[in-house]
Amino acid sequence: AKAEGRNRLCFYGQAMRDRLTARTQLENELREAIEARQFILHYQPQVDAAGRLIGAEALLRWLHPRRGVVPPGEVIPIAEETGLILPIGHQVIELACAQLAQWAGMADRAGLTLSINVSARQFRHAGFVDDVRTALRDTGANPARLRIELTESMLLEDIDEVIERMTELRSLGVSFSLDDFGTGYSSLAYLKRLPLAELKIDHSFVRDVLVDANDAAIARTIIALAHTMGLEVIAEGVETEAQRALLAEGGCDAYQGYLFGRPAPADELPRTARAPAPS
Ligand code: C2E
Ligand code: CA
Ligand code: CA
Ligand code: CA
């Protein structure tokens, strides 16, 4: 039994070493990817109640030289741990602003917003506001078309500092959405102090909205809360017409999900813009 125990110890030791090696390798590859600019953005359409395109969310993709397209779930956690989220997030801002400038005609005509995801660590970083200001200036993108999605975890930090930073960006013309709403810890007292334009109902409430009475009640409550506070509300992860219809009954303003389009390269978005409204 003693020998067995020692073997097991060895086994765990080896497994842990393998995990560490894999992690270190991924970290090194991420550094190279930043250097070689292997990150791109895919864009997922957002539509209003009539099915018209009103915006898009930019979602990070890593064009890995051997593995192909790597989703953000494999990148963001380790990027946040290592601090590599700062240079990656910087590239996201630049890519999004460049795309926005390219869409200028369409975006301004249709009043489209382009939403980007920003990690807490990136938002708290001292250079963040300047990064956004510089990217907007260098690309000529219209700040009124840029929206930043923040998550509730941000609000666990120094709330006054968060509000100050948001206010600075608001004065540039940028707007804010609170992402994954309902999954975190936001206190309603904080919520009313934040200069938000939009709440985003998390996918986890939308998924079972037809079968789980609690999720349906939560979705309705978020919609009512948003409207009481003068905010727009968008539901993410809408996959079926029945889900859309139920959310629409509750008064939801906007929708995003596979029902309307998957995240895709930029040149596919205008086509979605001309897609017929769902009936
Ligand atoms: P998120 O912000 O909640 O983004 C929505 C995720 O749901 C995206 O996954 C999207 O592809 C997926 N999705 C959209 N519609 C549907 C649907 O109808 N059904 C289902 N099952 N899924 C749907 P993705 O692209 O893998 O991104 C995952 C997460 O990675 C994002 O979650 C966000 O938290 C993070 N992320 C993505 N891009 C960035 C970025 O540029 N910066 C940072 N900091 N985080 C990012
Ligand atoms: Ca998001
Ligand atoms: Ca989400
Ligand atoms: Ca999110």
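Computed from the coordinates by the stated procedures, all read-outs in this text should not be read as laboratory data. Keep in mind it's a predicted model, so treat the numbers as computed, not measured. Ideal geometry is used to build each Cβ from the backbone, glycine not excepted, and the neighbour counts take in all protein chains shown.
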Worksheet item: If you build a Gaussian network model of the chain, linking Cα atoms that sit under 10 Å apart, which residue out of Gly251, Gly89, Gly68 swings the most?
Response: Gly68
Fill in: the chain shape via C-alpha gyration tensor axes, a/c threshold 1.5
prolate
Item to complete: Write out the chymotrypsin sites (Phe, Trp or Tyr not before Pro) in the range 135-187 meeting two conditions: DSSP loop, and at most 13 other Cβ atoms within 10 Å of their Cβ.
Response: Tyr185
Item to complete: Helix by helix through the chain, keep the DSSP H runs that span 15 Å or more along the axis on Cα and average at least 0.0 on Kyte-Doolittle, and give those back in order.
Response: 85-102, 213-228
Worksheet, complete the sentence: Counting only DSSP loop positions in the range 154-234, the trypsin sites (Lys or Arg not before Pro) whose Cβ has at most 16 other Cβ atoms within 10 Å are Lys192, Arg193
Practice prompt. Compute the FRET efficiency between Asp48 and Lys192 as 1/(1 + (r/R0)^6), taking r as their Cβ-Cβ distance and R0 = 30 Å, and round to the nearest 0.05.
Written response: 0.75
Item to complete: Can you pull the one-decimal nm distance between simple spin-label points at Glu249 and Glu35, each 7 Å off the Cα toward Cβ?
Response: 5.7 nm
Discussion item. Multiplying the sequence separation of Tyr185 and His227 by 0.36 nm and subtracting their Cα-Cα distance, what value in nm do you get?
Written reply: 13.1 nm
Worksheet item: At 222 nm, what helix-only mean residue ellipticity would the chain give, in deg cm²/dmol to the nearest 500, using -39500 (n - 2.57) for each DSSP H run of four or more?
Response: -15000 deg cm²/dmol
